[in-house]
Amino acid sequence: MDDYFVAGRRAPTLLIVGTLVASFLSTNAFLAETGFAYDGYAFLMLALVAVNTSGYVVGALFFGRFVRRSQSLTIPEFFAKRLDSRAIQVLAGVTTVIGLTAYLLAVTQGGSILISDVAGIPYGAALILMWVGYMAFTLYSGSRGVVLTDTIMFLLFTIVSIMALPYLFGEGGSWGATLEALATQEDKPGIIAWHGLTGEGAYWESGSDALIWALVLGASWSLVLAVSPWQTSRYLMARSEHVVVRSACISGLVLAVLYIALMFGGAAINLANSQIAPSERVMIWAGMNMMPAFLGTLLISGIMAAALSSCSTFLSLVGFSVSNDILKISRKDEARSLRFSRIVMFMTAAVSLFLAYFQPPAVMWITYFAGTLFASSWGPVAFLCIWSRRLTAPAAFVGMSVGFVVNIAAKLMDNAGVVSLPVYLDPFILGFCSNLICLLLVSRFTRVSDKALAYFASLHHTPEEEFNPREVKKTLVWPLVVMVSGVALAGLLVIAYAIPYTRAVGEEFSIMSGPGLLSLGYGASVFCVGLLAYWQVKRIYTRQGSTEADSAQQPSEAR
């Protein structure tokens, strides 16, 4: 069971990084978000990414390492242990199944669009090929196979994405010429402005509305990276807590670098063809028309790899949640448990195939909707599980339920035109705040069980093997790498984007301008999470720091 569910809890840093990034960077990044950049919102996406990548380090330090300490098979099982409640495990399992089935639907559609375009076959036939592809190896191998294939796919699409960038920029002749051409393009004026296209016919009326949307969604997705089941469940496979922290630092940095390449590349495709529709197909078109055949083949294979890796992760987690969290099959007969998990996975895959066929493709918006469900329902519960003695099982159950329902209800009413929510009242915010209010109120009138208190105390006891000075020294290297990279990224964006862009539009460059602040802010966010990781590793895993932290921790825990 440990092999099938959590890869035997022996995965090294490379495999955890591979599965974290691969399960996050699905067709949403390579098709939908790159299409969003092509539509005119490349640098608005970077504002979003600057916020959301912090979720890796924050989640690993303040939630993920404790999850690994619990030795659970799934995240809902962790909630059950921490709160001494079978009901919260079932509820978390149900939200996992609903949210990840929706996410699986979006990624399946994205992969099917890719196959259909490249092979020239009907969408329905491509859907079946995609479905058979990810279902077969996931059912057979479980998490051990998923983690290995995720890492191979991660290496493929990361390397190829970087290699493809010069060809995407080749239409302009040079970097500077390309930026100038994009900055002055008449078809999509403002395509590489910090706020993207605004005004009539655009998604947002003003730059401030666009920025608020990016920051709200960035905060939401930082919580997704910090607590969602398809991200934090990867830490259950880690060999040690040091692997958890290292992999979080590396994964956040990889995303920060890769998104710069993807967003610049997506915008630059406009110089070769500004009429691609729907925009989700732009990277496929570029691979088939703007690159040498071999590199284009690798790029399209990389996108397919990203799709397959995410599908395999979502499918396995849904199967694990149904068998381990909702129905709670006995572990005494492991062969029966594994067989049942595979049956559940097959049924889930069949449902996703049915839905994907009849639901019109909307990869980006389905993904954003499914992801934010976990931010509003799991976010407050996850962190308070670790950092509050007073959180009770009834409070967690009510809060998680309310956050989940409010998010869905608000989104449905907004889409149906019943209400028109401003950007600062995103369904994620409404769900998150409702969840937190319920947690605080219900905890006042309910009591924490003695078993839950004892488990809370045990979670805050750092295992002796984590104090190994050699491991601590190796872990501290990565926060330093992240900090140096943050400074380098800020300088690169100022020199390669902010200064040439302001000159191209006939303005005088100022570091306090929109492009200047975006460039500095992007690098500063990377630097700050590196600094946080360095401070926390020194505080937690060195003998002197740990002693001081333990003595300082008790009053805050009591509160």
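The values are calculated or read from the model by the stated rules, or taken from the named source; none is laboratory data. Nothing here was measured: the structure is a model prediction, and the numbers come from that model. Glycine gets a Cβ as well: all are built from the backbone with ideal geometry, and neighbour counts include every protein chain shown.
Six or more apart or on different chains, Cβ atoms under 8 Å: show the pairs whose first residue is in segment 525-545 and more than 26 Å from Leu46 (Cβ to Cβ) and whose second is not in a helix (DSSP H, G or I).
Ile540/Thr462; Tyr541/Thr462
Residues are listed down the side, and each one gets a yes or a no for (1) within 30 Å of Val405 (Cβ to Cβ); (2) in contact (Cβ under 8 Å) with a residue 24 or more places away in the chain; (3) within 23 Å of the chain's Cα centre (by Cα):
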position	(1), (2), (3)
Gly99	yes, yes, yes
Tyr140	no, no, no
Phe157	no, yes, yes
Ser174	no, no, no
Trp194	no, yes, yes
Trp204	yes, yes, no
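Yes/no per residue for (1) surrounded by fewer than 23 Cβ atoms within 10 Å (Cβ to Cβ); (2) over 24 Å from Ser525 (Cα atoms); (3) of a type in the set (D, E, K, R):
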site: Leu225; (1), (2), (3): no, no, no
site: Trp230; (1), (2), (3): no, no, no
site: Arg246; (1), (2), (3): no, no, yes
site: Ala272; (1), (2), (3): yes, yes, no
site: Ile300; (1), (2), (3): yes, yes, no
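Is there a residue in segment 510-523 that is more than 30 Å from Gly64 (Cα to Cα), hydrophobic (A, V, I, L, M, F, W, C) and either touching a Cys at 6+ places or on another chain (Cβ under 6 Å) or not in a helix (DSSP H, G or I) (or both)? Lay out the reasoning, then the answer.
Pass one, segment 510-523, residues more than 30 Å from Gly64 (Cα to Cα): 510-517.
This time we only want the ones that are hydrophobic (A, V, I, L, M, F, W, C), so: 511-512, 517.
Okay, now just the ones that are also either touching a Cys at 6+ places or on another chain (Cβ under 6 Å) or not in a helix (DSSP H, G or I) (or both), so 511-512.
So far as segment 510-523 goes, yes, one or more of its residues are more than 30 Å from Gly64 (Cα to Cα), hydrophobic (A, V, I, L, M, F, W, C) and either touching a Cys at 6+ places or on another chain (Cβ under 6 Å) or not in a helix (DSSP H, G or I) (or both).
Could you look through segment 443-475, keep only residues that are of a type in the set (S, T, N, Q) and farther than 23 Å from Met400 by Cα, and pick out the one that is surrounded by the most Cβ atoms within 10 Å (Cβ to Cβ)? Walk me through it before giving the result.
So the first thing to find is which residues in segment 443-475 are of a type in the set (S, T, N, Q), and the list is 443, 446, 449, 458, 462, 468, 475.
Imposing the further condition that a residue be farther than 23 Å from Met400 by Cα reduces the set to 458, 462, 468, 475.
Working: Ser458: 12, Thr462: 16, Asn468: 14, Thr475: 25.
By that ranking, first place goes to Thr475.
How many residues are over 24 Å from the mean Cα position of the chain (by Cα) and within 13 Å of Val381 (Cβ to Cβ) when one looks only at segment 398-436?
Within segment 398-436, residues that are over 24 Å from the mean Cα position of the chain (by Cα) and within 13 Å of Val381 (Cβ to Cβ) number 1.
Is it true that Val254 is surrounded by fewer than 23 Cβ atoms within 10 Å (Cβ to Cβ), over 21 Å from Tyr41 (Cβ atoms) and in contact (Cβ under 8 Å) with a residue 60 or more places away in the chain? Full working, then the answer.
Working: surrounded by fewer than 23 Cβ atoms within 10 Å (Cβ to Cβ): yes; over 21 Å from Tyr41 (Cβ atoms): yes; in contact (Cβ under 8 Å) with a residue 60 or more places away in the chain: yes.
For Val254, the condition - surrounded by fewer than 23 Cβ atoms within 10 Å (Cβ to Cβ), over 21 Å from Tyr41 (Cβ atoms) and in contact (Cβ under 8 Å) with a residue 60 or more places away in the chain - is met.
Select from segment 151-161 the residues that are under 14 Å from Met283 (Cβ atoms) and either surrounded by fewer than 21 Cβ atoms within 10 Å (Cβ to Cβ) or touching a Gly at 6+ places or on another chain (Cβ under 6 Å) (or both) and list them in ascending order.
Narrowing segment 151-161 to residues under 14 Å from Met283 (Cβ atoms): 157, 160-161.
Result: Phe157, Val160.
When segment 392-414 is examined, which residues are found to be buried (at least 23 other Cβ atoms within 10 Å of the Cβ) and free of Cβ contacts under 8 Å to residues at least 40 places away in the same chain?
Of everything in segment 392-414, those that are buried (at least 23 other Cβ atoms within 10 Å of the Cβ) and free of Cβ contacts under 8 Å to residues at least 40 places away in the same chain turn out to be Gly403, Asn407.
Can Leu44 be described as closer than 20 Å to Trp213 by Cβ and touching a Leu at 6+ places or on another chain (Cβ under 9 Å)? First the steps, then the outcome.
Details: closer than 20 Å to Trp213 by Cβ: yes; touching a Leu at 6+ places or on another chain (Cβ under 9 Å): yes.
Yes; evaluated as a whole, the condition is true for this residue.
Can you name every residue in segment 428-481 that is part of a loop (DSSP other than H, G, I, E, B) and not polar (S, T, N, Q)? Step through it out loud before you land on a result.
Step one: list which residues in segment 428-481 are part of a loop (DSSP other than H, G, I, E, B), which gives 445-449, 460-463, 468.
Within segment 428-481, Phe445, Arg447, Val448, His460, His461, Pro463 qualify.
All but one of (1) more than 18 Å from the chain's Cα centre (by Cα); (2) over 15 Å from Arg239 (Cβ atoms); (3) surrounded by 24 or more Cβ atoms within 10 Å (Cβ to Cβ) hold for Ala47; which doesn't?
Just one mismatch for Ala47, condition (1).
Are there any pairs with C-beta distances below 8 angstrom linking a residue in segment 484-504 that is closer than 20 Å to Ser174 by Cα to a residue that is of a type in the set (D, E, K, R) and not in a helix (DSSP H, G or I), with the two at least 6 apart or on different chains, and if so which?
Sorted first by the residue in segment 484-504, then by its partner, the pairs are Thr502/Glu508.
Please specify each residue of segment 4-14 satisfying the condition of being within 11 Å of Thr151 (Cβ to Cβ), touching a strand residue (DSSP E or B) at 6+ places or on another chain (Cβ under 9 Å) and not in a strand (DSSP E or B).
Pro12, Thr13, listed by residue number.
Just to check your reading of the model, which residue among Met304, Met288, Met283 is out of contact with any strand residue (DSSP E or B) (no Cβ under 8 Å at 6 or more places or on another chain), modelled with pLDDT of 80 or more and crowded, with 24+ Cβ neighbours inside 10 Å?
Criteria check complete, one pass: Met283.
Name every residue in segment 91-104 that is aliphatic (A, V, I, L, M) and either over 25 Å from Phe30 (Cα atoms) or buried (at least 24 other Cβ atoms within 10 Å of the Cβ) (or both), in order of residue number.
Leu91, Ala92, Val94, Leu100, Leu104
Do we find that Ala22 is surrounded by fewer than 24 Cβ atoms within 10 Å (Cβ to Cβ) and of a type in the set (Gly, Ala, Ser) in this structure?
Criteria not met by Ala22.
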